[in-house]
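Right, one structure below, let's go through it.
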Amino acid sequence: MVFCVRKHRKSSHAFLMVKKNIKSYLLLSVTIIMSFSFLLGFFVFIDSEIYNKHKITFSISPKVVVLIGPTDIKSNLNETNNNFNLLIHQLEKMDDTDFYMFYEKQFQLNHYQSGNLIINSNVYYIPNNTQGFYENHDGSGFISTRYLKGSKVIESSNQAIIDENLYNLLRAQGKNTDESVKITIPVAEENGGTVLKEFQVVGVVSAFAGYYTANDSRSLDSHIFLSQDLIKNTDSDIKQSRILVFSDRVSEVVSICDILNIEYFYPPYMIQRQALSEIQNQVFIKGITSIILFFLLAINLYSSFKNALNDRKFEIGVKRAIGAGKKDIVYQFFIEGMIVMVSSIIVSAIIILNLSLIYKLIQRVAFGVQWTIYLSSYSVIMFLFSAFFLSVSFSLIFAFQSTQIEIVKHLKQE
Amino acid sequence: MEDICIDLKDIKKSYTRTVLSAVNLHIDNNSYIAITGKSGSGKSTLMNILGLVEHFDEGTYIFNDTEINKKKDFSNFRLNSIGFIFQSFNLIPTLTCMENILLPTLYTDKESSILEPLVSLLDIKPLLDTTINVLSGGEKQRVAIARALILNPQLIIADEPTGNLDEENKNIVLNLLDHEHRKGRAVVVITHDMEVAKRSSLIYELKDGVLCEKA
Ligand SMILES: Nc1ncnc2c1ncn2[C@@H]1O[C@H](COP(=O)(O)OP(=O)(O)OP(=O)(O)O)[C@@H](O)[C@H]1O
Ligand SMILES: [Mg+2]
């Protein structure tokens with residue numbers, strides 16, 4: 001049969017009608033796309049700003065906490081500090097928990113000084129073959145080590161990991177080739193004196209601090225990681241010890257410390273919780289703004305759909321006259337409304353994604369900032385809710401308005 | 001084929017002036033009615049009321065035992081029982097002929113098997129994929145007729161169905177209406193053309209808002 005009369009699916013008819021009315025719908029789509037792009041763009045911008053502000057905070061593993069270890073490390077732990085003993089005993093018993101002690105020492109690398117540049121060094125003595133290091137940063141948060149190149153662990157007492165500023169400085173001084181960078185550091189001897197010792201630089205980490213200028217002299221704060229094997233009981237400069245704990249049960253570790261009266265740096269998971277609550281507080285402002293935007297959008301869409309409907313009154317009149325029920329018309333216009341809304345919303349999402357990528361690129365190229373695009377689950381839910389609610393309600397309003405048409409009024413009269 | 005029985009009693013309709021004052025009309029399966037009347041006498045208004053696309057002010061209208069009122073929509077009667085050939089065609093301009101003709105089938109589960117014979121009879125096969133916009137008056141008229149008949153309605157209302165047609169096409173359409181009548185469909189046709197009117201079994205003239213039988 002050439003003309004097989006099939007019952008056209010009503011939905012495919014709705015698609016057909018969208019295609020036939022593409023011009024009027026394109027105009028409507030522009031409005032919808034602009035509205036939703038604005039809403040989504042607002043969400044992405046606000047969320048990304050907050051996220052980038054707290055990025056470092058969230059980059060630290062919530063499993064880590066740094067405890068302040070015994071101050072008097074020269075004496076035997078077992079005898080002098082029962083509480084640390086108890087703590088270590090507890091930590092050893094806990095599942096999914098690793099910890100190590102490390103020591104901190106500060107000095108100036110005078111022998112590298114050139115011109116008026118002073119190099120201050122923080123040296124961390126860490127156990128061999130341990131990875132992961134976190135520094136408390138101005139007491140306001142933690143900075144985690146980012147390994148840039150080379151080894152992530154120190155394997156023996158003649159190896160060192162240094163930060164990138166120091167690394168670049170050493171290379172600029174020309175005595176080092178790329179393959180083999182060496183650094184000379186004063187170390188303590190058994191007899192209480194110090195001697196300059198050469199270390200092989202095996203790894204480079206991102207810099208925690210950097211250059212600053214004060215009183216006509218320039219300083220560089222640098223970081224060096226060395227093996228704990230180098231520690232001598234006679235090294236009177238080592239005053240600080242820390243215990244770095246990795247655990248799935250950080251809160252438990254913290255409460256043990258509270259009981260044992262052992263100090264710790266404010267744990268990253270708590271800092272993250274604080275940041276989260278700060279983000280939550282912004283939710284209120286975001287909520288108000290999105291409600292206002294939502295209503296502007298609604299008014300905008302209402303008039304747009306009303307206009308679109310005006311062009312269609314004759315069609316509705318005809319369809320009703322030849323027997324289409326109100327439900328049929330509602331269905332058709334609901335589907336049409338949904339098609340237009342959903343496709344416009346998808347286009348909005350694509351536009352905002354691209355704009356964000358461009359903004360990210362500008363931030364990187366022009367300002368050297370690593371700007372991360374971020375959209376919180378709250379915003380996603382808000383946006384999807386707005387999209388869903390507005391799509392459905394306007395498709396329905398559109399559809400129901402379509403039935404308010406008096407048939408004969410809109411048929412052509414000659 | 002179900003029987004059809006329509007009774008209009010004292011139907012009144014006014015706009016700024018009274019157009020129909022007291023129209024009485026009975027239609028059943030044997031009816032082949034022609035209605036004539038001056039331009040503006042209310043013929044199309046009467047057909048709109050009969051075809052359930054317009055409300056009347058007073059009187060009673062019984063459609064197959066159902067009393068027609070303002071409250072209900074009666075779209076199922078329009079769809080399944082009435083084939084309306086409008087004076088102004090009322091085809092959707094952006095759709096093709098085919099899409100227009102098949103429009104009623106969107107709203108029903110009934111399958112129509114008469115598209116092919118209808119299309120070849122009305123000689124519109126080459127037009128099927130053409131958009132309505134570009135058609136001539138006569139072509140539109142034939143497409144409108146095809147759409148009205150696609151679901152095999154019991155009552156065919158034809159408002160000036162031959163107004164735009166040449167002699168040849170006029171005969172095709174009139175033969176089609178005759179054929180429908182012989183199949184047991186009720187046909188109501190509005191015309192100024194006595195040749196068309198003579199085919200019917202009953203001729204009315206609409207005058208001063210009432211229907212008068214013509215000899
Ligand atoms: N919706 C309306 N509002 C106001 N007046 C109307 C309306 N529809 C029709 N009329 C008037 O009612 C009268 C009858 O119109 P109608 O279209 O029924 O005439 P007709 O007999 O079909 O004329 P023709 O032979 O020219 O088609 C006319 O005077 C017309 O102006
Ligand atoms: Mg008329």
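Observations, loosely collected:
- Rounded to the nearest 100, the interface formed by chains B and A buries 3000 square angstrom of accessible surface, both chains summed, with a 1.4 Å probe.
- Acute angle (nearest 10 degrees) that the helix A:10-20 long axis makes with the longest principal axis of chain A, alpha-carbon atoms: 90
- Size descriptors for the stretch B:1-106, from the alpha-carbon set: Rg then Dmax equal 14.9, 41 Å.
- Basic side chains Lys and Arg get +1 at the Cβ, acidic Asp and Glu get -1 at the Cβ, and with that the dipole of the protein assembly as shown about its Cα centre reaches some 1820 debye.
- Contact order relative to length of chain A, as percent, for alpha carbon pairs under 8 angstrom and 6 or more apart: 26
- Per residue, the accessible area of the protein assembly as shown comes to 48 Å², computed with a 1.4 Å probe over protein heavy atoms only.
- Per-residue [θ]222 nm for chain B (sum of -39500 (n - 2.57) over DSSP H runs n ≥ 4, rounded to 500): -7500 deg cm²/dmol
- At a threshold of 30 Å², the residues of the stretch A:311-325 that become less accessible to a 1.4 Å probe in the full protein assembly than in their chain on its own are A:F314, A:V318, A:K319, A:R320, A:A321, A:I322, A:G323.
- Percent carbon-and-sulfur accessible area, chain B, ignoring ligands, DNA and RNA, probe 1.4 Å: 47
- Kirkwood Rh, Cα atoms: Rg over Rh of the stretch A:105-238: 0.95
- Among residues other than A:N21 with Cβ under 11 Å from its Cβ, the summed charge is +1 (Lys and Arg +1, Asp and Glu -1).
- Over 24 Å (Cα to Cα) - which of B:K9/B:K43; A:K327/B:K70; B:K70/B:K110 fall in this group: B:K70/B:K110
- Most positive-pole-ward Cα, A:S219, A:N110, A:Y167, against dipole of the stretch A:105-238 from beta carbon charges: A:Y167
- Here r is the Cβ-Cβ distance between A:I299 and B:I62 and R0 is 45 Å; the resulting FRET efficiency, rounded to 0.05, is 0.40.
- On the stretch A:105-238, 41 percent of the accessible area sits on carbon and sulfur atoms, based on a 1.4 Å probe.
- Taking Cα centre as origin and charging only the Cβ of basic (Lys, Arg, +1) and acidic (Asp, Glu, -1) residues, the dipole magnitude of the stretch B:148-215 rounds to 360 debye.
- Using R0 = 22 Å, the C-beta based FRET efficiency linking A:D258 and A:Y100 works out to 0.55.
- Span per principal axis, largest first, for the Cα atoms of the stretch A:291-414 (Å): 70, 29, 22
- The residues of the stretch B:71-88 listed by number as losing at least 20 Å² of accessible area in the complex, against the isolated chain and with a 1.4 Å probe, are B:D73, B:S75, B:R78, B:L79, B:F86, B:Q87, B:S88.
- Members of B:K38/B:K170; A:K105/A:K360; A:K19/A:K360; B:K170/B:K214; A:K326/B:K140 lying beyond 32 Å, as alpha-carbon distances in this model show: A:K105/A:K360; A:K19/A:K360
- Cross-link partners of A:K93 among lysines (Cα-Cα below 21 Å; sequence separation of 8 or more within a chain): A:K63
- Descending semi-axes in whole angstrom, ellipsoid equivalent of chain B, from the Cα gyration tensor: 27, 19, 17
- Taking 4 °C and 1.567 mPa s as conditions, the stretch B:131-204 diffuses translationally at an estimated 102 µm²/s according to Stokes-Einstein applied to its Kirkwood radius (Cα pairs).
- Reach of A:K149 by Cα under 18 Å, taken over lysines that are not fewer than 8 positions away in the same chain: A:K182
- Counted over chain A, the DSSP beta bridges are approximately 75% antiparallel.
- When you filter the trypsin sites (Lys or Arg not before Pro) in the stretch A:95-155 for DSSP loop state and at most 13 other Cβ atoms inside 10 Å of their Cβ, you are left with A:R146.
- Percent of Cα pairs exceeding the 37 Å cut-off, where the set is chain A: 50
- Heavy-atom accessible area, 1.4 Å probe, ligands and nucleic acids excluded: residues of the stretch B:37-61 down by at least 50 Å² from chain alone: B:V53
- Spacing of the two label points (7 Å from each Cα toward its C-beta) at A:E190 and B:T16, in nm: 12.3
- Positive dipole terminus of the protein assembly as shown, leading residue within A:F388, A:G368, A:I262 (C-beta point charges): A:F388
- Relative contact order of the stretch A:306-414, pairs being alpha-carbon contacts under 8 Å that are 6 or more residues apart, as %: 57
- Taking other residues whose beta carbon is less than 11 angstrom from the beta carbon of A:S376, and scoring Lys, Arg as +1 and Asp, Glu as -1, yields 0.
- Per residue of chain A, the DSSP helices (runs of n ≥ 4 H) give a summed -39500 (n - 2.57) that works out to -17000 deg cm²/dmol at 222 nm.
The values are calculated or read from the model by the stated rules, or taken from the named source; none is laboratory data. Everything quoted here is computed from the prediction, not taken from an experiment. So basically every Cβ, Gly included, is an ideal-geometry build from the backbone, and we count neighbours across all protein chains shown. Only protein heavy atoms, including side chains, enter the accessible area calculation; ligands, DNA and RNA are left aside. Shrake-Rupley method; radii C 1.70, N 1.55, O 1.52, S 1.80 Å.
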